[in-house]
Amino acid sequence: MIVPERPLLKLEAFHCTVKEKVNRFVVRASVGEEELLVHNTNTGRLEDLIWEGNEAYCSPKGGGKLKYKLVAAKTPFGFAVTDTNLQERALERAFELGYLSWARGCEVKRRPRYGSSTFDFELRCPEGRALVEAKSADLASWRGFGMWPDCPTDRGVRHLEELGAFEGRKVVVFVVGFPKASGFVPYCKGDPRVCELLAKLDLELRAVGMYFEPLTSSVVLYAELPALLLEGREEPLPKVVA
């Protein structure tokens with residue numbers, strides 16, 4: 001469902017250029033002639049986003065060894081929100097403002113525990129309680145779908161299994177972080193176990209579209225997207241090097 005574009009969060013961010021991915025959590029970037037090591041919160045491979053020469057946006061980071069973090073990177077569709085913490089904060093804001101039809105009228109609580117896992121949100125709705133797990137779907141397919149996961153994810157599998165055991169409303173919301181997306185589909189080549197669980201478990205699958213707007217330095221919500229189980233039908237968009 002297309003919704004009016006709505007800014008969710010405004011942040012302090014500056015343009016940077018990716019030099020290399022140092023490791024899972026650190027990216028080397030340049031700002032003019034200066035090189036910086038910046039924190040990467042997204043544990044996916046992100047090979048379509050973090051590559052030498054790609055345009056990106058960095059933001060000051062409060063505390064820790066690194067002063068800055070990577071928040072967005074360029075795709076053929078626009079700038080994708082790469083920072084998973086930022087995605088979660090934006091999603092929480094969308095809940096609070098009643099922008100998502102399937103969560104309207106619900107109170108939101110962060111970080112509820114169930115079993116051995118901590119999930120992203122608990123929704124306390126008039127019809128009952130719901131546990132919500134958010135997953136970042138920044139991998140773009142050739143038809144413009146956001147996909148997850150882009151690599152094996154033991155943590156993601158455990159979350160799905162434990163969420164499936166919850167006796168109540170259980171929601172997985174896929175955050176497609178780039179503009180103009182067609183929807184969400186799982187990327188089964190990333191981790192076949194994920195596709196098996198999504199097909200088997202009684203989970204409510206949702207997807208939302210948001211992106212980073214450089215002109216206003218904002219994270220913008222633009223759609224409630226379809227979440228589809230089109231196993232094996234989508235492949236990643238080839239990396240476009242200018």
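Among the residues of region 94-107, just one is among the aliphatic types (A, V, I, L, M), closer than 14 Å to Val173 by Cα and either outside any helix (DSSP H, G or I) or touching an Asp or Glu at 6+ places or on another chain (Cβ under 8 Å) (or both), namely Leu100. Every listed requirement among (1) assigned by TED's automatic domain parsing to the domain that holds Leu198; (2) touching a residue at least 60 places away in the same chain (Cβ under 8 Å); (3) among the β-branched types (Val, Ile, Thr) is met by Val71 save one, (1). Checking each residue in region 1-43 for being of a type in the set (Lys, Arg) and closer than 24 Å to Arg206 by Cα picks out only Arg6.
Taking the criterion of being crowded, with 19+ Cβ neighbours inside 10 Å, among the hydrophobic types (A, V, I, L, M, F, W, C) and over 17 Å from Cys151 (Cα atoms), the residues of region 177-214 that qualify are Phe178, Ala181, Leu203, Ala207, Val208, Met210, Phe212. From the list Leu139, Leu86, Leu131, Leu123, the lone residue that is of a type in the set (A, V, I, L, M), touching a Cys at 6+ places or on another chain (Cβ under 7 Å) and assigned by TED's automatic domain parsing to the domain that holds Asp202 is Leu123. Looking only at region 28-44, filter to residues that are modelled with pLDDT of 95 or more and part of a loop (DSSP other than H, G, I, E, B); which one of those is nearest to the chain's Cα centre (by Cα)? Ranking the candidates gives Asn42 first.
Only a single item in (1) surrounded by 13 or more Cβ atoms within 10 Å (Cβ to Cβ); (2) in contact (Cβ under 8 Å) with a residue 12 or more places away in the chain is not met by Arg28, and it is number (2).
Filter region 87-107 down to the residues that are buried (at least 18 other Cβ atoms within 10 Å of the Cβ) and over 17 Å from the mean Cα position of the chain (by Cα) and list them by number. If the condition is that a residue be buried (at least 18 other Cβ atoms within 10 Å of the Cβ) and over 17 Å from the mean Cα position of the chain (by Cα), then Tyr99, Ala103, Cys106 are the ones that fit.
The values are calculated or read from the model by the stated rules, or taken from the named source; none is laboratory data. All of these numbers come straight from a predicted model, not from anything done at the bench. FYI the Cβ positions are ideal-geometry reconstructions off the backbone, even for glycines, and counts take in every protein chain you see.
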